[in-house]
Amino acid sequence: MSGATLELYRIAKHFQGVVAVDSVSMVAEAGKVTGLIGPNGSGKTTTMNIVTGLYPTDAGRVTIDDVEISRLLPHQIAALGVARTFQNIRLLNEQTVIQNVMLGAHRHHGASLLDVILRLPKMARSERQELRRCDDLLALIGIRHLADVQVGSLSYGDRRRVEIARALATQPRLLLLDEPAAGMNFSEKQALAALIETIQEMGVTVLLIEHDIDFVSHVTDHIVVLNFGREIAEGTPAEIKQMPSVIEAYLGTEDA
Amino acid sequence: MMAVLDNFLLSYGNLVNLCLLNIFLAYGVWLALSVNMFTLGTGGFMALGAYSSVFLTMHGGWPFSVAVLVGGLLAALAALAIATPVLRLRGDYFMLATFAFTEVVRIIALNWDSVTGGAVGIVGIPQLTQTWQLAVLAAGALYFAYAVRGSYLGRAIAAIREDDVMSQAMGINVLGYRLSLFVSSAFVGGIAGAMAAHLNFFIGPSDFGLLRSIDALSYPILGGFDALLGPLVGAILTTILPELLRFSNQWREILMGLLVIGVVLFLPGGAMSLLSFKWRSRHRQSKLVLPDSVEQGAER
């Protein structure tokens, strides 16, 4: 896996008069972790939904390694190597961990409908191959012992890990994590930070969307700050924490 | 009681045919239902298959098998034609749109006298459908469902049913799946319509209306569409029960109605959940024997 560069150029999204994203331009460089932070309602998740094709952008464009993806459907964007997790975890609770993770491997199955109907060897071969790959991923993430456990019975932190494992099973070049640390306790956050580092070492570009400025500062040295659907600042954690506009967005002003 | 038994035996051959036909149809509806498409278009697709195949065998002198295949393809083509607007709709609106399609086909059948015989229908259709043909179709549909369910395609279909937004993000072509399942479901409906038409001497516009669509939809729902054998069980139950209740014509439909309400209220998983209940609870228990792994996960 080698990371891809994600570039947003003046993307925008309006919902019946409500401006969710006004104009956002930013770059997530290949093989690096980029943080996208901002207060509630600043347009972080909408930005992510535009990148993954869930919403078409009203203006501007999105490119992955200079290939424009603004007009593509979500599954086409996924096929270009863009994977994501969801803010409100979206797993199949009735199914086991490995079954959920295997869903990420969907597009790598080489078997056609004919192979499946006639039970040709190709089906068993690709099934075995993907199962092994997903099993390795579970081991890497440290949840292999949970492979056959129903997702519904897992703790919050483990569900987040399963979602990340599923996203990695798609073999992404760009991974978008939507508030992965939300609701986690201190030790879970530490484990998550270590996991994000591992993912970066695999060569995957990571765009980390977060509410928690301290957590992001811990994982990355390049942060973009959104407020009211615009990017208001960009830089290293130390730089960002000094900027008046960021302090104002997060803490409010004295005379507000 | 003897009279009931005699009556039952007299119509036994016919009943077997009907059961097999409805099993085949049930798996066709299951294809659509497996991604939450509650289709009421089955009657319309059956009508297309029935009228076109009868026209071909009676007026064109075409071989039966080719006429049936053309009937199925015509239904599939119709599904493809209405797919663009219809597949955008979800839930109630999807049901209404497919119901409208069935109504349009029925009204065309009612008025296109030269081809469909209008309200009178077509009489004297050659009885070309044989029991073994229906058995092959039913077995083929069952095998198809079995093969797909046990593969990554089946996992994708189950995921689409639960959460189509997430499925798209996993690279699953949700629209493609919905389209192929809708068209395949129509294809099965068309074939079933053609077989049904050549099972009786007569077809009329009211044979393939809303009631036919609801009946077909009720097979997999009553049997349980989560279970492989659900559509089969549902089709057999719904085909045989009205015959068993034939001793009282007034009570027949009331009892059938009560049965449907009862299953929906008390067995949301369909009749198959009666069978799988035991197995499932044992399955759950075996999971509970290994709580250490769950606890480890919670501690972290």
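Derivation of every value follows stated rules applied to the coordinates shown; laboratory data play no part. None of the values given here were measured: they were computed from a predicted structure. Virtual Cβ from ideal backbone geometry, glycine too; neighbours counted across all protein chains shown.
A viscosity of 1.567 mPa s and a temperature of 4 °C, combined with the Kirkwood radius over C-alpha pairs in the Stokes-Einstein formula, give the stretch A:204-251 a diffusion coefficient of 117 µm²/s. I need the shape label for the stretch B:121-221. Rule: rounded when a/c is under 1.5, else prolate if a/b > b/c, else oblate, with a, b, c from the alpha carbon gyration tensor. Note, shape of the stretch B:121-221 comes out prolate. Distances between placed amide hydrogens fall under 5 Å for A:ALA233 paired with A:VAL225, all partners being 5 or more residues away or on another chain.
The slack in the chain from A:HIS108 to A:LEU140, taken as 0.36 nm per residue of separation less the alpha-carbon distance, amounts to 9.6 nm. What the Cβ-Cβ distance of A:ASN40 and B:ARG90 gives, at R0 = 30 Å and to the nearest 0.05, is a FRET efficiency of 0.55. Taking the alpha-carbon centroid of each part, what is the distance from the stretch A:38-78 to the stretch A:95-134 in angstrom? Each part's Cα centre sits 29 Å from the other's. Of all aspartates and glutamates in the structure, those lying under 14 Å Cα to Cα from A:LYS241, and not within fewer than 8 positions of it along the same chain, are A:ASP212, A:ASP214, A:ASP221. The angle between the Cα long axis of helix B:152-162 and the longest principal axis of the Cα atoms of chain B comes to about 90 degrees, rounded to the nearest 10. Neighbouring Cβ atoms from other chains, within 10 Å of the Cβ of residues in B:157-168, number 5 on average.
Over all directions, the projected convex hull of the C-alpha atoms in the stretch A:92-170 averages 5.0 nm² in area. For the peptide B:170-181, the mean number of other protein chain Cβ atoms found within 10 angstrom of a residue's Cβ is 5. A Cα-only calculation for chain B places Rg and Dmax at 20.9, 75 Å. The long axis of helix B:272-288 is offset from the longest Cα principal axis of chain B by roughly 10 degrees. Neighbour counts of other Cβ atoms within 10 Å put A:PHE228, B:PHE64 in the fewest-to-most order A:PHE228, B:PHE64. Ranked by the mean number of other Cβ atoms within 10 Å of their residues, highest first, the peptides B:154-166, B:214-226 fall in the order B:214-226, B:154-166. Here the sum of -39500 (n - 2.57) over DSSP H runs of 4 or more residues, divided by the residues of the protein assembly as shown, equals -18500 deg cm²/dmol at 222 nm, to the nearest 500. Size estimate for chain A follows the Kirkwood approach: the inverse of mean 1/r over distinct Cα pairs works out to 19.1 Å. Between B:ARG252 and A:MET243, the simple label model (points 7 Å from Cα in the Cβ direction) yields a spacing of 7.7 nm. The C-alpha atoms of chain B define a longest principal axis, and helix B:91-111 lies at about 10 degrees to it.
If you take all C-alpha pairs in the stretch B:38-108, what percent of them are over 17 Å apart? Counting pairs separated by more than 17 Å, the tail of P(r) holds 44 percent. Report the normalised scattering of the stretch A:1-145 as log10 I(q)/I(0) at q = 0.12 Å⁻¹, calculated by the Debye formula with identical scatterers on the alpha carbons. Once normalised to I(0) and log-transformed, intensities are -0.66.
Computed extension length for B:LEU175-B:ALA81: 32.3 nm, one decimal, from 0.36 nm per residue of separation with the Cα-Cα distance subtracted.
Estimated translational diffusion coefficient (Stokes-Einstein, Kirkwood radius over Cα pairs, 37 °C, 0.692 mPa s) of the protein assembly as shown: 124 µm² per second. Within the listed set A:VAL24, A:VAL162, A:VAL101, the Gaussian network model of chain A (springs between alpha-carbon atoms below 10 Å) gives the highest mean-square fluctuation for A:VAL24. When both the stretch B:43-89 and the stretch B:157-233 are represented by their alpha-carbon centers, they are found 15 Å apart.
Please check: in the Gaussian network model of chain B (C-alpha springs, under 10 Å), which one of B:THR42, B:THR98, B:THR57 has the largest mean-square fluctuation. Looking only at B:THR42, B:THR98, B:THR57, the largest GNM fluctuation is found for B:THR57.
Mean per-residue shielding of peptide B:147-153 is 6, counting Cβ atoms of other chains within 10 Å of each Cβ. Residues whose amide H comes within less than 5 Å of that of A:GLY35, counting only those at least five positions distant or on another chain, are A:LEU208, A:HIS222, A:ILE223, A:VAL224 (H built at 1.01 Å from N in the peptide plane).
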